[in-house]
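Step one of this worksheet: look at the structure below.
All of the numbers you see were taken from the coordinates with simple rules; none came from a lab. The structure presented is a predicted model; accordingly, all values stated were derived computationally and were not measured. With ideal geometry, Cβ positions are generated from the backbone for all residues, glycine too; neighbour counts draw on all protein chains shown.
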Amino acid sequence: MMKIAIASDHGGVDLKEIISNFLKNKNFEVVDLGTNDTTSVDYPIFADKLADNILKKESDLGILVCGTGVGISIRANRYKGIRAALLYDDEVAVMAKKHNNANVIVFGGRTMNSNDVLKRIDIFLNTEFEGGRHQKRIDLLDM
Ligand code: RB5
């Protein structure tokens, strides 16, 4: 069974709970790296925890949530080997897997509707990476 790590700041904690319950209901193993309440915290810290988990191959996929998804994406993408994609619509959810083989998907707790987010997670999980010329481009990302 696929293992999915998830983390957020206070701006994403409510959506993180919704996503986490959704995935557990589908029998995914979910590793929750916090935060756990709405006390104000610094999103880079939670991006760091998640990036570390993914780079150590402790989980197969990471999910990050902050208010907009922007700050936490910026931090996660500073790590070589992390490909964090902000899934702001359904087509992007397809392409982020097909072409970018994202290993972290990101959402905005204050900017996205939770039903849209859950749909995009399903789309992403049900799409295959195309490899080929896209693998070459992914390799170039980390040079
Ligand atoms: C926190 O107030 C907010 O700045 C954060 O959740 C996120 O939206 C940053 O990009």
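Could you calculate the contour length gain from Lys136 to Met2, that is, 0.36 nm times the residue separation minus the distance between their Cα atoms, to one decimal place in nm? Each step should come with its number before you reach the end.
Details: separation 134, 0.36 × 134 = 48.24 nm, distance 2.54 nm.
Taking Lys136 through Met2 to full extension adds about 45.7 nm, to one decimal.
In this structure, the amide hydrogen of Tyr79, modeled 1.01 Å from its nitrogen in the peptide plane, lies closer than 5 angstrom to no residue at least 5 positions away or on a different chain.
Given 0.36 nm per residue, what is the gain on full extension from Glu17 to Leu55 after removing their alpha carbon distance, in nm?
Working: separation 38, 0.36 × 38 = 13.68 nm, distance 2.34 nm.
The span from Glu17 to Leu55 would gain 11.3 nm if fully extended.
Taking each residue as 0.36 nm, the span from Thr127 to Ile74 lengthens on full extension beyond its C-alpha to C-alpha distance by 16.7 nm.
When peptides 29-39, 78-88 are ranked by their average number of other Cβ atoms within 10 Å per residue, the highest-first order is 78-88, 29-39. Cross-link reach is defined here as a Cα-Cα straight distance under 14 Å, omitting same-chain residues fewer than 8 places apart; for Lys119 the aspartates and glutamates meeting it are Asp89, Asp90, Glu91.
For region 1-138, compute Rh as the Kirkwood radius over C-alpha pairs and then the Stokes-Einstein diffusion coefficient at 4 °C and 1.567 mPa s; write the answer in µm²/s, rounded to an integer. Reported coefficient: 89 µm²/s.
When the helices of the chain are scored as -39500 (n - 2.57) per DSSP H run of n ≥ 4 and the total is divided over every residue, the value at 222 nm lands at -13000 deg cm²/dmol. Would you please state which residues of region 101-132 a label at Val94 would reach in this model, taking the label point 7 Å out along Cα→Cβ and a backbone N cut-off of under 12 Å? Backbone N within reach: 123-124, 127-128. Per-residue packing, averaged as other Cβ atoms within 10 Å, sorts the ranges 131-140, 117-126 into the order 117-126, 131-140, beginning with the highest. Helix 114-125 and the longest principal axis of the Cα set of the chain meet at an angle near 30°. In the chain, Cα pairs under 8 Å separated by at least six residues give a relative contact order of 24 percent. Couplings for region 14-27, taken from phi via the Karplus curve 6.51 cos²θ - 1.76 cosθ + 1.60 with θ = phi - 60°, read 5, 5, 4, 5, 5, 5, 4, 5, 4, 6, 5, 5, 9, 6 Hz in order; Gly and Pro are left as x.
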